[in-house]
Amino acid sequence: MPSGVKTALRVLGAGLIVGAAVAAPVHAAPGDDPYAGGRNYVKTLQCPVADPWPGPPLHTWVDVWNRITYPSDGLPPPAIALVADTRREQTTMTPITEYSMWITVNWRNADNGRRGTVKLRARAPRNTWQAVLHPGRGRVFFEIHQSVTAILAVPGVNPQTAVCRGSATAV
């Protein structure tokens, strides 16, 4: 192999190693704002759900954000954003084998008595979704219902469900 090719491969390998070393953390840390635009990180919830494909459970982390200047749904603040991701892709036959997620978030504002439900669907090679709650100002309790299914030829194969709870203050 010519020395120029060896040098190029070494530089490429070093770049991949350095790139992996500066990759984003597994979940957000206090003060981090990976989604620029005036958000405040509150906490990360663990919401595991069984994998509809053979394999270990999908360890889903839900990052909770408040003080959102411009919510992604275009409605005015105050809002609480829930951003979920497994950070593990299904690698068997992606994109042929994907996940379909049906998410329902029931919320209740303890300060003003408002209640609501946010429903969404997502389709991706991993369990990832985002929901925005508009409860008004105050302490908000929410419950996340996840239904994750496999997509092979049709969606809805081997549904797996899980429920997790959390709270945040909408300001």
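The values are calculated or read from the model by the stated rules, or taken from the named source; none is laboratory data. Keep in mind the model is a prediction, meaning the values are calculated, not measured. Positions of Cβ are generated from backbone atoms using ideal geometry, with glycine treated the same way; all protein chains shown enter the neighbour counts.
Descriptive notes on the structure:
- Reported count of residues in region 153-171, each being part of a loop (DSSP other than H, G, I, E, B) and surrounded by 15 or more Cβ atoms within 10 Å (Cβ to Cβ), is 1.
- Residue-level analysis places Arg123 outside the set of residues that are more than 15 Å from the chain's Cα centre (by Cα), part of a strand (DSSP E or B) and surrounded by fewer than 20 Cβ atoms within 10 Å (Cβ to Cβ).
- Region 66-118, subset of a type in the set (Lys, Arg) and under 15 Å from the mean Cα position of the chain (by Cα), residue modelled with the highest pLDDT: Arg87
- Counting only residues that are in a strand (DSSP E or B) and buried (at least 17 other Cβ atoms within 10 Å of the Cβ), region 127-141 holds 6 of them.
- Selection of region 129-157 for residues being closer than 18 Å to Val62 by Cβ and at pLDDT below 90 yields an empty set.
- Verdict on Ala170 being touching a Gly at 6+ places or on another chain (Cβ under 9 Å) and of a type outside the set (D, E, K, R): yes
- Test: Val148 is among the aliphatic types (A, V, I, L, M), crowded, with 20+ Cβ neighbours inside 10 Å and within 18 Å of Trp102 (Cβ to Cβ): yes
- Residues that are assigned to a loop (DSSP other than H, G, I, E, B), surrounded by fewer than 18 Cβ atoms within 10 Å (Cβ to Cβ) and at pLDDT 80 or above, drawn from region 16-52: Pro48, Ala50
- Matching residues in region 53-83 - criterion: being in a strand (DSSP E or B), in contact (Cβ under 8 Å) with a residue 60 or more places away in the chain and surrounded by fewer than 21 Cβ atoms within 10 Å (Cβ to Cβ): Asn66
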